[in-house]
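The values are calculated or read from the model by the stated rules, or taken from the named source; none is laboratory data. As the structure is a computational prediction, the values presented were derived from the model and not from experiment. Cβ sites come from the backbone with ideal geometry, for glycine too, and all protein chains shown count toward neighbours. Please note that ligands, DNA and RNA were not included when accessible areas were found on the heavy atoms of the full protein model with its side chains. Shrake-Rupley method; radii C 1.70, N 1.55, O 1.52, S 1.80 Å.
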Amino acid sequence: MKKIGCLLAAFCLVLGFLPPVSAETEDVIIIETVTFGAEYTDIPVVEEAVNKIIFPLLNAKIKLLNVDIRRHESQINKMITNGEQIDLIMAGLTLPMTQMALEGKLLPLDDLVAAHGEHLLSFLGGQIDAGRVNGELYAIPADAYTAKSGGFIYNREMADSLGIQVPNPVSCDQLEQIFSVLHEKLPGVYGTVFGNGETFNPQHDICLEGYGNTLFAYGVTFDPFKSTKIENLFESPAFRDYIHRHREWVEKGYAPNHSLTSGIRSNEYIAHRQVFGMTTNYSPIEGPIQQGNYPFPISIVQITPAVNSTSSLQERMWGIPVTSRCPEKAVAFLDLLYSNAQVANLLSNGIEGIHYRQVEPGVITNVVNADQSAPGYASIFSRFGDQMQVQHWQPATPDFYNELSAFNTQAQNSLSLGYVFNGESVSSEIAAVNSVVSLYLPALECGMLSDVDAALATFIQEVKNAGIDRIIEENQRQLDAWLQEKGHNETAINTGE
């Protein structure tokens with residue numbers, strides 16, 4: 001009888017007739033978390049804590065995939081090309097959402113969000129439309145508080161010990177004066193660093209709208225709350241000043257001359273007290289989020305005016321790749337993430353008592369005797385949950401939430417807020433321009449080239465040969481049509497037509 005039973009089982013298995021152990025199978029949602037690439041040994045501990053909460057609600061568990069920002073684009077594209085499962089990615093950052101959607105790498109989300117994203121729709125309101133391409137939703141803004149400007153983050157402990165005052169707001173000329181004082185008082189410490197391939201972003205220094213392309217292939221608008229003219233960033237005097245300034249800082253010893261090739265990340269230089277600070281995005285949220293990377297107090301100051309723009313919404317968006325194996329559960333998890341403060345806090349900060357301790361309501365700091373040079377867990381570039389529900393690191397204070405709300409309310413709106421460029425008709429030109437920019441821009445930004453003007457002239461000619469003027473022309477045409485339609489609709493509303 002035992003032999004007969006085994007034969008029957010084998011027969012059923014071949015025909016696919018054996019019933020599952022449970023009527024429902026357990027899904028695993030693979031979620032990327034984008035960081036500076038450190039190995040966080042406590043990721044499994046955080047996963048376990050999250051899964052205890054979500055499994056009874058979703059019959060699913062999460063698994064975090066730690067992705068280095070420097071390899072973000074290549075790693076995610078490779079996974080999708082190879083058909084590997086990944087269920088939630090941070091579209092934006094180094095992966096332009098619209099380009100991914102047009103290349104067929106992201107799933108359309110309207111039906112999924114309608115079925116499983118009731119809280120997301122309520123929470124984001126009209127901001128969710130920043131994730132639309134050709135009218136179809138492909139990504140969900142990860143942060144509802146996206147007003148931003150350029151800023152500078154620095155070692156406050158070092159500044160205090162040297163009597164250095166960093167004004168807020170600060171200009172690049174003032175930063176250079178600070179670097180000069182620092183260079184005199186601490187010759188072995190650099191003022192700033194341009195990163196190991198994590199090149200600086202012109203938007204940290206220059207107020208502009210980049211239309212969602214992190215390599216500025218679509219063109220830019222300077223002073224976007226005053227102008228809707230789209231221009232080639234790389235031909236502008238502002239960009240020339242930007243790269244010349246970086247070269248001069250290298251020549252004066254204010255920045256290392258091997259930023260691009262050292263293999264050392266910008267935050268590691270700062271954490272090891274070899275560098276004073278670096279430019280970054282500025283908002284009340286940035287300092288508290290980045291504090292967890294450093295074993296000393298940091299401060300952050302503003303460089304450019306704050307602006308609300310579509311590209312700031314598109315900088316961090318949750319997208320579901322076409323290789324997802326559980327898209328319904330992925331959207332259901334996002335809906336839970338943005339309504340459940342406990343889950344959002346776990347993924348943002350780790351576990352209380354292990355990775356942080358609370359010092360005031362809503363304010364956290366390092367646990368006693370923690371080795372901050374090798375934290376067990378950190379969340380850097382990804383955004384998890386409603387930031388009004390998440391605890392934030394010192395230097396945040398209990399006033400943080402009011403400050404975040406006020407910063408977003410007082411920021412000026414870009415004239416193109418709500419506009420999304422569709423690059424489908426110029427996709428080959430976009431790919432070519434992106435390739436050229438990736439080749440030339442890092443060395444220019446990192447101050448590695450002695451003849452800046454000659455290199456810039458070659459760079460400009462190459463992006464023109466690749467088709468950037470055609471892209472800008474198409475972007476301007478679409479923006480003008482959008483502005484005309486927007487104006488018509490607003491006139492109709494105002495006149496009751």
| Computed E for D223/V359 - FRET, C-beta separation, R0 41 angstrom, nearest 0.05 | 0.55
| request: Could you please report the charge total around T146, scoring K, R as +1 and D, E as -1 over all other residues with beta-carbon less than 14 angstrom from its beta-carbon? | output: -3
| remark: Rounded to 0.05, the calculated FRET efficiency for the beta carbons of R240 and H272 at R₀ = 45 Å is 0.85
| query | So for the pair S435, S262, with labels modelled 7 Å out along Cα→Cβ, what separation do we get in nm? | reply | 3.2
| field | Long-range tail of P(r) for the stretch 194-293 (Cα pairs > 18 Å, %) | value | 55
| request: Go through S435, S324, S450 and list them by solvent-accessible area, largest first, probe radius 1.4 Å. | output: S450, S435, S324
| query | Taking a threshold of 23 Å on the Cα-Cα distance, which of the pairs K229/K486; K78/K148; K63/K329 fall above it? | reply | K78/K148
| task | Whenever you get a sec, compute what percent of the accessible area on the chain sits on carbon and sulfur atoms (1.4 Å probe). | result | 51
| request: Could you work out how far helix 452-466 tilts from the main Cα principal axis of the chain, as a 0 to 90 degree angle to the nearest 10? | output: 40
| message | Checking the a/c ratio against 1.5 first, then a/b against b/c, what shape does the Cα gyration tensor give for the stretch 344-478? | response | prolate
| said: Quick check: residue separation of A454 and R470 times 0.36 nm, minus the Cα distance between them. What number comes out in nm? | reply: 3.4 nm
| message | Of the listed values (i) 82, 55, 35; (ii) 70, 63, 43; (iii) 88, 63, 48, identify the label whose number matches Cα extents along the principal axes in Å calculated from this model. | response | (iii)
| query | Cα centroids of the stretch 342-358 and the stretch 398-420: how far apart, whole angstrom? | reply | 26
| note | Once all protein chains are kept in place, L417 shows an accessible area at probe 1.4 Å, nearest 10 Å², of 60
| query | Highest mean first, what order results for 130-137, 341-348, 478-485 on Cβ atoms within 10 Å? | reply | 341-348, 130-137, 478-485
| task | Calculate, for the stretch 203-297, the solvent-accessible area per residue in square angstrom, rolling a 1.4 angstrom probe over the heavy atoms of the protein chains. | result | 32
